[in-house]
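This report concerns only the one structure given below.
Derivation of every value follows stated rules applied to the coordinates shown; laboratory data play no part. Here the structure is a predicted model, which is why all the values come from computation and not from measurement. Every residue, glycine as well, gets a Cβ built from its backbone with ideal geometry; the counts of neighbours run over all protein chains shown.
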Amino acid sequence: MVFNDVYRGKRVLVTGHTGFKGAWLILWLTLLGAKVAGFSKYLPSKPCLFNVLGLKKRIRHYQGDIVEIKQLEKVFRAFKPQIVFHLAAQPIVRTAYQDPKRTFDTNSSGTVNVLECVRKAAYVQVVVIITSDKCYENIGIARGYREEDRLGGADPYSASKACAEIAFSAYYRSFFGHQEKIRLATARAGNVIGGGDWAQDRIVPDCVRAWSKGKVAVIRNPRATRPWQHVLEPLSGYLWLGACLFAGKKKISGDSFNFGPHQRASKDVGALADLFVSLWGGVRWEHISSGGKKKEALLLQLSAHKTEHRLSWRSALSFKETIEFTESWYKQYYGKKTDMTNFSCSQIDGYIQQARALKLAWAGGQ
């Protein structure tokens, strides 16, 4: 059984459910038989995956701002979630430079608001707080950042995610660590790509926007290296972490886990763009520097050794398969001949079958 069938019939709240990862997560949860509610402030892009997949009719949709705790408290009281996945965030590094206060309010204080609602709710049993691989103080470590490495950030986005992790640790040790009825953990994932992402200042959305209009894609930093993974990879990790917490797996509550690909999947942006070009066909990209001093780190890699050892989780897709999954989704969308909900469900099913063939624990392969 996938995820030990934990989610069937459970009330699951997802914050940030209208975002790219959030939309894929709630689609997957509905397929698992969960009763899903989502809490988000707005639709983050146009087009938006949440609308493309018609997800509003599948769940209880709540609109609100994660910064406003009273709005969040109303949702908790109305829905009484048993499981909470907290994804709501301001996720764009360059936007964080433009509006650092809002980024800290959303990413740090928003996480505190979720933890505060959980602290007051007797019905919540499991909480998974999703932060970012950028919560680590980036000093160019080539071995991949480990969960015990120092938190920090030289830019507002990274620092806000480090703050969220510190807040989680303080809440856990102060209020949750002595309890058995509620179990919590944080999850940190690498750079995620996949069909249905139209956010600004991300390599894949920037490329497909340009190519769908017959234009040349512009890339700011082709030498930046990232741990690329398809969106379903970390989502399988989040869902498996939630299932393990629900089952009372020992010594994981209060802990943090990296969900990243094998280091062979850590490629620079130029390599990703070149493979994407070869699959899409008849398109190209060019490098144009954004200029200025507000630059992202060139090297960022994660170590998922702890997650593999403690949760028996590892990625299922190669770098090439990750790009193929992504390219095929956009080609279907821009071809305008495919029901994208059915196609997205088929990608989830295909990913599960791949994981099962690799005998991954979450997919029922062991």
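Quick notes on this one:
- Cut-off 16 Å, label 7 Å out along Cα→Cβ of Arg119, residues of the stretch 132-173 by amide N: 164-173
- Backbone geometry of the stretch 17-25 corresponds, through the Karplus equation with coefficients 6.51, -1.76 and 1.60 at θ = phi - 60°, to 3J(HN,Hα) couplings of 6, 8, x, 4, 5, x, 5, 4, 5 Hz, x marking Gly and Pro.
- Of the three principal axes defined by the Cα atoms of the stretch 125-213, the extents in descending order read 56, 32, 24 Å.
- Distance between the pseudo-spin-label points of Ala78 and Arg150 (7 Å out from Cα toward the beta carbon): 4.5 nm.
- Debye intensity ratio in log₁₀ form over the Cα atoms of the stretch 2-363, taken at each q of 0.06, 0.08, 0.12 Å⁻¹: -0.20, -0.36, -0.85
- Extension gain (nm, one decimal) between Leu31 and Val52, 0.36 nm per residue minus Cα-Cα: 5.9 nm
- Semi-axes of the equivalent ellipsoid of the stretch 185-244 are 28, 13, 7 Å, computed as sqrt(5λ) over the eigenvalues of the C-alpha gyration tensor in descending order.
- Two-decimal Rg/Rh across the stretch 312-366, once Rg and the Kirkwood Rh are taken from alpha-carbon atoms: 1.06
- Highest average packing first - 95-101, 194-200, 79-85, 333-339, Cβ atoms within 10 Å: 79-85, 194-200, 95-101, 333-339
- Between the Cα long axis of helix 156-171 and the first principal axis of the chain there is an angle of about 20°, rounded to the nearest 10.
- The stretch 214-283 shape via C-alpha gyration tensor axes, a/c threshold 1.5: prolate
- Förster-model FRET efficiency, 22 Å R0, Glu308 and Ser346, C-beta, rounded to 0.05: 0.20
- Cα centroid of the stretch 315-366 to Cα centroid of the stretch 15-62, whole Å: 18 Å
- Ordered by the number of other Cβ atoms lying within 10 Å of each residue's own Cβ, fewest first, Leu232, Leu360, Leu31 fall into the sequence Leu31, Leu360, Leu232.
- Rounded if a/c under 1.5, otherwise prolate or oblate - the stretch 36-107, Cα gyration tensor axes: oblate
- For the listed residue pairs Lys21/Lys120; Lys101/Lys251; Lys41/Lys320; Lys80/Lys306, the alpha carbons are over 29 angstrom apart in Lys101/Lys251; Lys41/Lys320; Lys80/Lys306.
- Distant-in-sequence amide contacts of Ala37, defined by a placed amide H-H separation under 5 Å and a gap of 5 or more residues or a different chain, comprise Val12, Leu13, Val14, Arg60.
- A straight chain from Arg223 to Gln354 at 0.36 nm per residue would run longer than the Cα-Cα distance by 44.1 nm.
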